[in-house]
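Heads up, the thing below is written out as structure tokens.
The values are calculated or read from the model by the stated rules, or taken from the named source; none is laboratory data. For clarity, every value in this text was computed on a predicted model and none was experimentally measured. Counting neighbours? That spans all protein chains shown, and the Cβs are built from the backbone with ideal geometry, glycine included. Surface accessibility is based on the protein's heavy atoms, side chains included, excluding ligands, DNA and RNA. Shrake-Rupley method; radii C 1.70, N 1.55, O 1.52, S 1.80 Å.
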Amino acid sequence: MNHFATRLSSVCHQSVISLSSVMLPLKEKDKPIVQKLLSAGCCARCILRFCCVRVQAAYRQPQQDTLKELQAFICDTENSKSQDSAASEATDENNKSHDAAVSEAPEEPPTKRVKLEPSGTDAQSEEDAAAVTLKEEESSVCVLCLGILHQFCGAPQAVKIAETVKEEKYEFDTLVLSVSLPAQLCVREHSCWLHVKKEVREKGLVLDKDDVIQVKEAFKWIMQGLVAKELGRGVAVVTRSAFEVGVEFIHEATDSDCHFLASACPDCFKPTKNKQVRKTGMAVVKALEKISDARFLKHYPCPPAQPSSCCSLQDVQCVHVSVFVAGRYNKFCRSLPQTPWVIDGERRMESSVEELIAAPILSAFRADGFNFSSSGREDVDVRTLGNGRPFAMELLNPHKSRLNRAEMKQLQETINKSSEKIRVRDLQVVSREAMSRMKEGEEEKTKSYTALIWTQKPIEREEITFIDDIKELTLDQKTPLRVLHRRALAVRQRVIHSMNTRFLDPHHFYLGLKTQAGTYIKEFVHGDFGRTKPNLCELLKTDTDILELDVESVDVDWPPAIPE
């Protein structure tokens, strides 16, 4: 006999436990479910889940107490039936002996009390049997949750989780607890659902599978408060937080529980690169929704087989959502790329704008990594002057997520003192949503440039003044040869809104331009073998080239300026 069923029979005669002492919010309709799942080998907390108990305190009480209440809940009915039967038998016996009782001395009728109220010795034996059975229950493994809601829900596990969090040295006020479960739990849940579904419906009761409390939810109800208590210092475990502590369970002994689904519902499982089928939780859930009850029962036992071992805690991982830091940078060097410059696997240039900015920020936020982005980019030999170019960094898994205004100012000064090649301003933490405003400006806003131009043919000051009158000049720019390796071949229309000139000598002048973002300035000047039309060579009727280029302004009003 199953140990849960044995436990049930060992205490069924203890009718002194009445329904008035049962604190669980169970109803008459739950009795067949409790009986079926106790016999199947489910733990007390899984039985509460299938009875759709949403009172969190019920899951937090000791497993033994919950089991006793479940048994009392069932035994109350059994005892009531027994008492009704005994009363009926006594009445029949009295009726039969009524006539004889008139002429003969009455005898004391046999009492039923001894069966309902055992003597001291018998009561002790019942208690001893219950204690032994409870001990067996402690060492057994639930067929449904594989021990997760039994062996892994308590103070020792909360201490282990809290110690892992403390070792990582994150700074946080709240956390969310997430749980990763073996995919086979879904199969076992489905099997138990089919186990109780038939009887429940035969009794005319309504129970929907979606109403069953998930293992993850029950685990959190039990463990959230315990983990928060171990972490101390006012930490709250909540349902939504930027900081997540993930607990992952595995159960290798029952991995094969899911195998039949791969052949029964192959379209629900996608093979990996090495052609192995991954049985993820989502794929298993999808397959269980698709497979018929009859086919499922043909391949899998109902209820599930008793496991010989419980789950093991595979990992406890901490992760903080990304933090976004934005600002504007100036670049004063003509030999500094925006990002690390690697050609054919070989590093060119010893540093980059990205690295000079990122190193101090990574250190301050103690992040694991970063993604750098900016509103456009300049070539390695182009300076960025004026109020600078907007940039943003996504900090991956930062262990420190907040810096106050003084700390941010100090971080900005640290970056600026680290190199004379760059300077940052308006450094601040922004939201993920705000990042879109920077990207919008890449194509829609305007940029201003100053270029030093060389002309092959000698020119006079008067020969270039007509350029100052050109407005809204539309260019057709085929993807430049120099970026063709990283950008698709296409013809892009760009607009030069205005230009101005400053004569230097017969072969040199400065050209100021205000253009649509995304305009290739160098290609406009030298023509890129006719790939940009019109171009400055055509306008001046001589070969021209660009010797120096500076970005004077990037007209994106983001991030907000911070007063010095």
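Residue pairs whose Cβ atoms lie under 8 Å apart, sitting 6 or more positions apart in sequence or on different chains, and linking a residue in the stretch 380-404 that is at positive phi to a partner that is crowded, with 20+ Cβ neighbours inside 10 Å and hydroxyl-bearing (Ser, Thr, Tyr), are Gly388/Tyr329.
One line per residue, one yes/no per condition, for (1) more than 30 Å from Pro559 (Cα to Cα); (2) open to solvent by 70 Å² or more (accessible area, probe 1.4 Å):
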{"residue": "Asn397", "(1), (2)": "no, no"}
{"residue": "Ile415", "(1), (2)": "no, no"}
{"residue": "Lys421", "(1), (2)": "no, no"}
{"residue": "Glu433", "(1), (2)": "no, yes"}
{"residue": "Arg437", "(1), (2)": "no, yes"}
{"residue": "Gln456", "(1), (2)": "yes, yes"}
{"residue": "Lys478", "(1), (2)": "yes, yes"}
{"residue": "Arg487", "(1), (2)": "no, yes"}
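Working carefully through the options Ala253, Ala228, Ala283, find the one that is among the small types (Gly, Ala, Ser), buried (at least 18 other Cβ atoms within 10 Å of the Cβ) and under 30 Å from Lys197 (Cα atoms). Of Ala253, Ala228, Ala283, the one residue that is among the small types (Gly, Ala, Ser), buried (at least 18 other Cβ atoms within 10 Å of the Cβ) and under 30 Å from Lys197 (Cα atoms) is Ala283.
Looking only at residues in the stretch 195-217 that are under 18 Å from the mean Cα position of the chain (by Cα) and in contact (Cβ under 8 Å) with a residue 60 or more places away in the chain, the one that is farthest from Gln61 (Cα to Cα) is Gln214. Just checking, how many residues over the stretch 24-43 are free of Cβ contacts under 8 Å to residues at least 60 places away in the same chain and within 24 Å of Lys220 (Cβ to Cβ)? Number of matching residues: 5. Look at the stretch 477-499: where a residue is more than 13 Å from Phe524 (Cα to Cα) and without any contact (Cβ under 8 Å) to a residue 60 or more places away in the chain and a partner is open to solvent by less than 70 Å² (accessible area, probe 1.4 Å) and of a type in the set (D, E, K, R), sitting 6+ places away or on another chain with Cβ atoms under 6 Å, you get Val491/Asp476. Among the residues making up the stretch 306-345, those that are part of a strand (DSSP E or B), of a type in the set (Gly, Ala, Ser) and open to solvent by less than 40 Å² (accessible area, probe 1.4 Å) are Ala326, Gly327.
Among the residues of the stretch 138-157, those that are aliphatic (A, V, I, L, M) and either within 18 Å of Ala183 (Cα to Cα) or at pLDDT 95 or above (or both) comprise Val141, Val143, Leu144, Leu146, Ile148, Leu149.
Listed by position, the helices (runs of 4 or more DSSP H) contained in the stretch 180-267 that have at least 3 residues being of a type outside the set (A, V, I, L, M, F, W, C) are 184-202, 215-231. Within the stretch 520-558, how many residues turn out to be open to solvent by less than 20 Å² (accessible area, probe 1.4 Å), of a type outside the set (Asp, Glu), at pLDDT 95 or above and assigned to a loop (DSSP other than H, G, I, E, B)? The number of residues fulfilling the criteria is 3. Kindly check whether there is at least one residue in the stretch 58-80 that is closer than 20 Å to Lys209 by Cβ, at pLDDT 55 or above, surrounded by 15 or more Cβ atoms within 10 Å (Cβ to Cβ) and of a type outside the set (D, E, K, R). Among the residues of the stretch 58-80, at least one is closer than 20 Å to Lys209 by Cβ, at pLDDT 55 or above, surrounded by 15 or more Cβ atoms within 10 Å (Cβ to Cβ) and of a type outside the set (D, E, K, R), which makes the answer yes.
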